[in-house]
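Engineer: Sharing a structure with you now.
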């Protein structure tokens, strides 16, 4: 007897310090998936390209890091917040190197990072550079850039207001 397609739901009960794995009907999770962040989506081929033990470790590491990054009481296997920050910094450095090739996809992803940095760091320079990269990606016909360009005047104005207010004291 088959139960049909099911999703894995991992619940971290912080009070009891237990991880609970639920097998849930896919139909029962469709609303949750439709109304939440698209999630981390590593392709299965990413794991299949690894040795089995390595793939299991990679998936476990991903699960533990997401649990800790989204909980109040950390499991604490590793300092995932520090590791995530270092990985993000490496990603941005990689984009900075790759953008020199003029690839519109890389330009677009660096635009996203610089827009975020402009907001976080109250940086006019990052905002100006973000806009330059968005315009360059759009000029090369990158579809996602075209869509973002439609919203850019509103996003840019909001960022400029935030930057002009400065950091809260």
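Read the figures in this text as sums done on the coordinates, not as results from a lab. For clarity, every value in this text was computed on a predicted model and none was experimentally measured. Note: ideal-geometry Cβ built from the backbone for every residue, glycine included; neighbour counts use all protein chains shown.
Engineer: Calculated FRET efficiency, residue 87 and residue 29, Cβ-Cβ r, R0 25 Å, to nearest 0.05? If you can, show how the numbers build up before the last one.
Structural biologist: On the way: r = 28 Å, r/R0 = 1.11.
Once rounded, the FRET efficiency stands at 0.35.
Engineer: In deg cm²/dmol and to the nearest 500, what is the mean residue ellipticity at 222 nm of the chain if only DSSP H runs of at least 4 residues count, each as -39500 (n - 2.57), divided by the residue total? Display every interim value, and only then the final one.
Structural biologist: On the way: 7 runs with 108 residues, N = 169.
Taken over the chain, the calculation gives -21000 deg cm²/dmol.
Engineer: What angle, in degrees between 0 and 90 and rounded to the nearest 10, separates the Cα long axis of helix 143-165 from the longest principal axis of the Cα atoms of the chain?
Structural biologist: Taking Cα atoms only, the helix is inclined about 80 degrees.
Engineer: By its C-alpha gyration tensor, with a ≥ b ≥ c as the square roots of the eigenvalues, how is the chain shaped: rounded for a/c under 1.5, else prolate for a/b larger than b/c, else oblate?
Structural biologist: Values: a/c = 1.91, a/b = 1.69, b/c = 1.14.
Prolate.
Engineer: What translational diffusion coefficient, to the nearest whole µm²/s, does region 6-69 have by Stokes-Einstein, given a Kirkwood radius computed over alpha-carbon pairs, a temperature of 20 °C and 1.002 mPa s viscosity? Present the calculation step by step, with values, prior to reporting the outcome.
Structural biologist: Numbers: Rh = 13.6 Å.
Translational diffusion coefficient: 158 µm²/s.
Engineer: Taking 8 Å as the Cα distance limit and 6 or more residues as the minimum spacing, I'd like the relative contact order of region 55-135 as a percentage.
Structural biologist: Values: 49 pairs, mean separation 14.0, N = 81.
Rounded, it is 17 percent for region 55-135.
Engineer: Give me the percent relative contact order of the chain, please, defined on Cα pairs under 8 angstrom at least 6 residues apart.
Structural biologist: Values: 128 pairs, mean separation 20.5, N = 169.
It comes to 12 percent, rounded to a whole number.
Engineer: Something else about it: What is the helix-to-structure angle for 104-121, meaning the angle in degrees between its Cα long axis and the longest Cα principal axis of the chain, kept from 0 to 90 and rounded to the nearest 10?
Structural biologist: 90 degrees
Engineer: Another question about this same structure. If contacts are Cα pairs under 8 angstrom and at least 6 residues apart, what is the relative contact order of region 1-90 in percent? Don't jump to the answer; show the numbers that get you there.
Structural biologist: Working: 53 pairs, mean separation 16.8, N = 90.
Relative contact order of region 1-90: 19 percent.
Engineer: In nm, what is the difference between 0.36 nm times the number of residues separating residue 73 and residue 154 and their Cα-Cα distance? Don't jump to the answer; show the numbers that get you there.
Structural biologist: Values: separation 81, 0.36 × 81 = 29.16 nm, distance 3.73 nm.
Extra length from residue 73 to residue 154 when fully extended: 25.4 nm.
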